[in-house]
Amino acid sequence: MNKPPSRRKKITPATSEEAKLATDSTKENNSGQDNPASATITVTAVEVKELTDQEQSLRLQLERRVERAFLEAGQALMELRDRRLYRSTHRTFEEYCRERFGYSRDAAYLKISATAVYENLQKFLPTNGQQIPMPTNERQLRFLAKAELEPAVQADVWQQAVEQAGNKIPSGRIVKDVVDKIRESPKVPNPYHIGEICILLPKENLDLRGKTGYWGVVTHVGEYSCTFQTWDGDYTVKIEHLKSLEFLDEDCFFMQQLCVRLQQLHQVASRDSSVDWLLQGLGKQAKPYLSSLQAKLLATVEREYKIEWRQQK
């Protein structure tokens, strides 16, 4: 009976040259293990290509989208809540957020509050050549939102937190530390009161550029800021941007009435450019009276534009 051929592979002896190479390789490996300090490590250099202008532009656009993601989410949630666009499917806004987005009540309202704080920072942070990084997520603003500080103070907190973080975006912990310090420090009461006549001291506030010396009326008093009414509009300003003229009550009343008259004239869309000269002149004359000629000019312009003025009591 013939035996079937064997299926075992035939071992072919290595040539002398192959054996030498294998032996040399083994020696090199063993020598590296025996003396690690003398082992040679080969590092392959990788060429890093610079971004093209188009790639750089795309990167900037995408980074801005990432940074604004939480802001856009908060704005959308705010509109959904305020316009009750959930009412066709859900009884409450909280139920809607939980079932549609998987947000708890706190998570949804944190996004909304963080959006409000972000918008305050955009308005009140100084912009005179400073590149202050803005928040990129709601966690960084959690403690600012919960602290319920005045908008101007929120901007101060964020600016201090950025400085503590080495002019980089601060963590929520750094922001919390700054908030805690401000809340623990003794509060300086707002020295102004409603109806008081003050002048503007813009300092480094670019929103008030060109308005140095404008006088106006305090119409709202916050913890660290005031709403200030001038002939050309209302402004929310920090208390350090105001200086009281310390008028008597009757002088304050005269200036309040004059401010209303100037605002009515400023609201005339088709006014002549010479009217602006009059408004700017009277808007910087912080005196509780008008000269005879000024009074006649103002009355004449009011008649020209059919503005009937009756002194309020």
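What is the spin-label model distance, in nm, from Arg59 to Arg87 if the labels are put 7 Å beyond Cα along the C-beta direction?
The answer from the label model is 4.9 nm.
Please give me, ordered by residue number, the trypsin sites (Lys or Arg not before Pro) of the stretch 136-183 that lie in loop per DSSP and have at most 16 other Cβ atoms within 10 Å.
Those satisfying the criteria are Lys168.
Classify the stretch 202-278 from the C-alpha gyration tensor, please: rounded if a/c falls under 1.5, else prolate or oblate depending on whether a/b exceeds b/c.
On the way: a/c = 2.03, a/b = 1.31, b/c = 1.55.
Judged from the Cα gyration tensor, the stretch 202-278 comes out oblate (a/c at least 1.5, b/c at or above a/b).
Keeping every protein chain present and rolling a 1.4 Å probe, give me the accessible area per residue for the stretch 138-258 in Å².
That works out to 51 Å² per residue.
Roughly how many whole Å is it from the C-alpha centroid of the stretch 160-182 to that of the stretch 223-237?
So the two Cα centres are separated by 28 Å.
Just grab the label-to-label distance for Gln294 and Gln131, each label 7 Å out from Cα along the Cβ direction, in nm (one decimal).
4.6
Exceeding 27 Å between C-alpha atoms, which entries from my cross-link table qualify? They are Lys168/Lys211; Lys123/Lys306; Lys238/Lys296; Lys123/Lys243.
Those over the limit are Lys168/Lys211; Lys123/Lys306; Lys238/Lys296.
Take the solvent-accessible surface of the protein heavy atoms, probe 1.4 Å, and return the percent of it on the stretch 86-237 that carbon and sulfur atoms account for.
In the stretch 86-237, the share of accessible area belonging to carbon and sulfur is 46 percent.
Could the peptides 86-92, 154-160 be put in order, highest first, of the mean number of other beta-carbon atoms found within 10 Å of their residues?
The peptides rank, most packed first, as 154-160, 86-92.
Please go through the stretch 109-176 and write out the GluC sites (Glu not before Pro) that DSSP classes as loop and that have at most 11 other C-beta atoms within 10 Å.
Taking the stretch 109-176 and a limit of 11 other Cβ atoms within 10 Å, the loop GluC sites (Glu not before Pro) found are Glu148.
The values are calculated or read from the model by the stated rules, or taken from the named source; none is laboratory data. Since the structure is predicted, the reported quantities are computational estimates derived from the model, not experimental observations. As a convention, Cβ positions derive from the backbone with ideal geometry for all residues, glycine included, and neighbour counts pool all protein chains shown. For accessibility, only protein heavy atoms count, side chains too; no ligands or nucleic acids. Shrake-Rupley method; radii C 1.70, N 1.55, O 1.52, S 1.80 Å.
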